[in-house]
Amino acid sequence: MDAIELKSLSKSYGKRQAVENLNLEVITGEIFGFVGPNGSGKTTTIRMIAGLLRPTAGEAFVEGHSAQKSPDEVRLRIGYMPDYFGVYPDLKVWEYLDFFSACYGIAETRRLGLIEELLELVDLEHRRNDPVDRLSRGLKQRLSLARTLIHDPRVLILDEPAAGLDPRARIEIRALLVELSKMGKTIFFSTHILSDVAEICSRVGIIEAGSLLAVGALEELHLRVLPRRRVEMTVLEQADHAADLLRSHSSISEIQTIDDRNGSKRQKVLFEFDGSDQALSAVLASLVGNNIQVLHFREDERDLEEVFMRTTKGVVS
C-alpha cells in the first residue's frame, strides 16, 4: 500500500483552476520532494491531502484511507506542518509541546517523557524554557517539526519546511528529515529550493499552474529532460592527455581544456556526457586507470536548475 495516493485530484476557485487532475503515488518510506514555483498549487494539494480542504473533484488517500471520507483515520496517520508558524507568546517551548500533546489525548504521565524525547530529537533541549515567540525562524521550524511528531505519525506532510531559513538552518532541517526517514517515516514535503531536493529526495514531482509535469528519481529526470550532462574535472598537467582519452568515449562531446590563470599545475577539463551515473563512474575509473591524476570530478549543479526550468515554462535556451 502506498503512503499517499492522489487520484484525479482537482481544486478550483470559480474559474481559476488551482490544482488540475493530479495523479500521484508516494511510496512508503521514501522522501518525496514536491517542487514548484510560488503559486503552483503545492499548498493547495497538501491541504487536500491533510483533509483541510475539500477537492472539487478526485480524491486523496493516506495509507488507503480517504482524506475526504475518513478524515479522522487520516489525521491519526499524518503529521502536518503548515508553511507558517502560529505564535503563542505566553507559552514556553515545553509548554507548546505539552499543549499539543494534550490536544492529541496523550496522558499527562506520558507527556513529560515524550516532550523530552522530541526536544532531544530536534536539538532544542537547551531552549525548553524559552518563550516560543523569541525563537529564531529556524528554531521555530524545528519546534514545529517536533509538534508534528507528537502522536508518532507514519506519514509527514511538510509545507515548505525550509522556506525563509538561513543556509545553516536549512542544512539542519534537511539532516532532521533524513534522520526521520531512517526512523521509518514517509516524508512528503513541498519546496521551491532546488538544493533541498537534490540533497535528500529519492523522487520528486514537479508542479506548475496546478498540473503535475514530471515525476521520478533525479537521475531519471536528468536523462529525460537533459540527456547531455555537463561535467567538470580538475587534473594535474594532463589536460590534453585526459581529453584524448575522453574522445574515445562515444557518449562524450564538447570537450574543453582550461589552464589555471595563476600558472599552477592544475588544469580543468569540461565535457558533455550522454549516459547514466554508472557509465559516468566508469569514465572516471578509466581516467584513473590510465594514470590521470584527477583532483576533482563533478557534474555541473546547474543541471538540476535546468531540469526544473525546462520542465516548467521557463525553458532554457
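The values are calculated or read from the model by the stated rules, or taken from the named source; none is laboratory data. All values derive from a computational prediction rather than experimental measurement. Neighbour counts are summed over all protein chains in view; Cβ atoms, including those assigned to glycine, are modelled from backbone coordinates with ideal geometry.
Against the criterion of being in contact with a strand residue (DSSP E or B) (Cβ under 9 Å, 6 or more places away or on another chain) and either more than 27 Å from Leu165 (Cβ to Cβ) or surrounded by fewer than 21 Cβ atoms within 10 Å (Cβ to Cβ) (or both), Glu5 qualifies. Residues that are over 24 Å from Phe61 (Cα atoms) and touching a helix residue (DSSP H, G or I) at 6+ places or on another chain (Cβ under 7 Å) within the stretch 179-192 are absent altogether. Listed by position, the helices (runs of 4 or more DSSP H) enclosed by the stretch 70-186 that each have at least 3 residues that are of a type in the set (Phe, Trp, Tyr) are 93-103. Does Ile255 fit the bill of being touching a helix residue (DSSP H, G or I) at 6+ places or on another chain (Cβ under 6 Å) and either assigned to a loop (DSSP other than H, G, I, E, B) or at positive phi (or both)? So Ile255 does not fit the description; no.
Out of Ser202, Ser195, Ser248, Ser211, one residue alone is out of contact with any strand residue (DSSP E or B) (no Cβ under 9 Å at 6 or more places or on another chain), in the same structural domain as Thr148 (by TED's automatic domain parsing) and not basic (Lys, Arg). It is Ser195. Take the residues in the stretch 212-235 that are over 15 Å from the mean Cα position of the chain (by Cα) and β-branched (Val, Ile, Thr), then tell me which one is surrounded by the most Cβ atoms within 10 Å (Cβ to Cβ). Per the stated criteria, the residue is Val235. Name the single residue, out of those in the stretch 283-308 being assigned to a helix (DSSP H, G or I) and among the β-branched types (Val, Ile, Thr), that is modelled with the lowest pLDDT. For the stretch 283-308, the residue satisfying everything is Val307.
In the stretch 187-199, which residues are surrounded by fewer than 21 Cβ atoms within 10 Å (Cβ to Cβ) and part of a helix (DSSP H, G or I)? Selection gives Leu194, Ser195, Ala198, Glu199.
So, of the residues in the stretch 200-211 that are part of a strand (DSSP E or B) and touching a Phe, Trp or Tyr at 6+ places or on another chain (Cβ under 9 Å), which turns out to be surrounded by the fewest Cβ atoms within 10 Å (Cβ to Cβ)? Spell out the reasoning first.
Within the stretch 200-211, the first condition is being part of a strand (DSSP E or B), and the residues that meet it are 203-208, 211.
After this cut, where a residue has to be touching a Phe, Trp or Tyr at 6+ places or on another chain (Cβ under 9 Å) as well, the list is 203-207.
On the way: Arg203: 18, Val204: 24, Gly205: 24, Ile206: 23, Ile207: 26.
Across the stretch 200-211, the extreme among qualifying residues is Arg203.
Residues that are more than 22 Å from the chain's Cα centre (by Cα) and closer than 12 Å to Ala60 by Cβ were ranked within the stretch 8-34; the one that is surrounded by the most Cβ atoms within 10 Å (Cβ to Cβ) is Lys11. Considering the stretch 77-103, the residues that are hydroxyl-bearing (Ser, Thr, Tyr) and under 28 Å from the mean Cα position of the chain (by Cα) include one that is surrounded by the fewest Cβ atoms within 10 Å (Cβ to Cβ), namely Tyr84. For the stretch 1-21, a residue qualifies if it is closer than 13 Å to Ala67 by Cβ and either among the hydroxyl-bearing types (Ser, Thr, Tyr) or part of a strand (DSSP E or B) (or both), and the qualifying residues are Ile4, Glu5, Leu6, Lys7, Leu9, Lys11.
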